[in-house]
1. Could you say which residue among Phe39, Phe101 is under 30 Å from Tyr268 (Cα atoms), assigned to a helix (DSSP H, G or I), modelled with pLDDT of 90 or more and out of contact with any strand residue (DSSP E or B) (no Cβ under 7 Å at 6 or more places or on another chain)?
2. Please name all residue pairs, on different chains or six or more residues apart, with Cβ atoms under 7 Å, provided the first residue is in segment 45-66 and is closer than 20 Å to Leu82 by Cβ and at pLDDT below 85 and the second residue is of a type in the set (Val, Ile, Thr) and surrounded by 11 or more Cβ atoms within 10 Å (Cβ to Cβ).
3. Tell me, please, whether a residue that is in contact with a Leu (Cβ under 7 Å, 6 or more places away or on another chain), within 27 Å of Ile96 (Cα to Cα) and in contact (Cβ under 8 Å) with a residue 12 or more places away in the chain can be found in segment 139-157.
4. Which one of Ile208, Ile169, Ile260 is modelled with pLDDT under 85 and either surrounded by 16 or more Cβ atoms within 10 Å (Cβ to Cβ) or closer than 23 Å to Ala35 by Cα (or both)?
5. Go through segment 158-183 and count every residue that is assigned to a helix (DSSP H, G or I) and among the acidic types (Asp, Glu).
6. Which of the following residues is over 19 Å from Ser187 (Cα atoms), at pLDDT 75 or above and among the small types (Gly, Ala, Ser): Ala238, Ala251, Ala247?
7. Return yes when Ala196 is out of contact with any Asp or Glu (no Cβ under 6 Å at 6 or more places or on another chain), at pLDDT below 60, in a loop (DSSP other than H, G, I, E, B) and small (Gly, Ala, Ser) and no when it is not.
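The values are calculated or read from the model by the stated rules, or taken from the named source; none is laboratory data. The structure presented is a predicted model; accordingly, all values stated were derived computationally and were not measured. Please note: Cβ atoms are built from the backbone with ideal geometry, for glycine as well, and neighbour counts cover all protein chains shown.
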Amino acid sequence: MKTQNNEGKMSTSVKITRAALRVMMLDKELIGISAISAFMNMIIFIAYVYIGWFVMPNVFIVEPGTEWSFDWKYYILLAAYLVTTYAVTNYFAGAISFAAFRRFDGEDPTARQALCAATKKSGALVKYTGLQVTVGLVLSMISDRVPFAGKIAVWLAGATWSVATMFAIPVIMSTDESNPAKVVKKSAKTFADIWAESVFIGLTLGVISIIVTIGAMVVVLGLFATALAFESVAIGIAAAVLFLAFAVGIALLSNVIQQIVMTSAYYYASTGKVPTGFDEELVRGMFRPKKNWFA
């Protein structure tokens, strides 16, 4: 007889998120890993924007009164950018996932161990990145050339792809699988086993981020109103800095927590063991096996 989860999905997924936060607090260096990833991606973005506007002029072909259109140089530049930024993102996500796996097994991983593990898996991560970029570019090129109804179909295809690859990083970091197609298949199978909960946890993380961001905006708007009332430039600057700090902090924390949550889901789905730091009844109720669509 299956264990029934009598709590609402929102309440349960919030508790799962809180458990992931507790795990993260045991390995605070994961926030640093996320920060390095964000910084490198910012540098990469700036570099490719510079290349697009100054080194490779006319990448964007725009005529008055027409929509944006792109030539072959745009797709080359886009492919290079996606490969670079996805590779960096996947590398550091892999490091976070590895650290989570070790923590779930009762170990005390270090940032150096996590980064070394990601380096050892760099071949598999790069192969998976290549598949990601290929699928993304194909969908992008199709979307640029089809009418509105076709764009909806492409969007649905992209959403399906995102769902199928949800556990790809944990699969790579916990197995010897390096074939990207097989990695995606295993990820999709895991999603099929716990499909509803996986989606809802992802949505909950997004909702929590939005709520916290709105709270930060209310505080900042209050400071801006105060600055206007007292005509204080210092208060206005403080408000802007505070909001920027909130935004960056939320992004870094959300990235780490999401990777921990998805790794915990894969850990339970693949081993049947409850991750250390998570409540057994909560996890067993949240991640009930579902019909396996991909068997």
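1. Only one candidate passes the filter, namely Phe101.
2. Partner pairs satisfying both residue conditions: Gly52/Val59.
3. Checked against the condition, which is being in contact with a Leu (Cβ under 7 Å, 6 or more places away or on another chain), within 27 Å of Ile96 (Cα to Cα) and in contact (Cβ under 8 Å) with a residue 12 or more places away in the chain, segment 139-157 yields no hits at all.
4. Going through Ile208, Ile169, Ile260 in turn, just one is modelled with pLDDT under 85 and either surrounded by 16 or more Cβ atoms within 10 Å (Cβ to Cβ) or closer than 23 Å to Ala35 by Cα (or both): Ile208.
5. 0
6. None of the other options fit; the residue is Ala251.
7. Criteria not met by Ala196.
Table: residues versus (1) in a helix (DSSP H, G or I); (2) among the aliphatic types (A, V, I, L, M); (3) farther than 21 Å from Ser270 by Cβ.
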| site | (1), (2), (3) |
| --- | --- |
| Ala95 | yes, yes, no |
| Asp108 | no, no, yes |
| Leu115 | yes, yes, yes |
| Val133 | yes, yes, yes |
| Ile142 | yes, yes, yes |
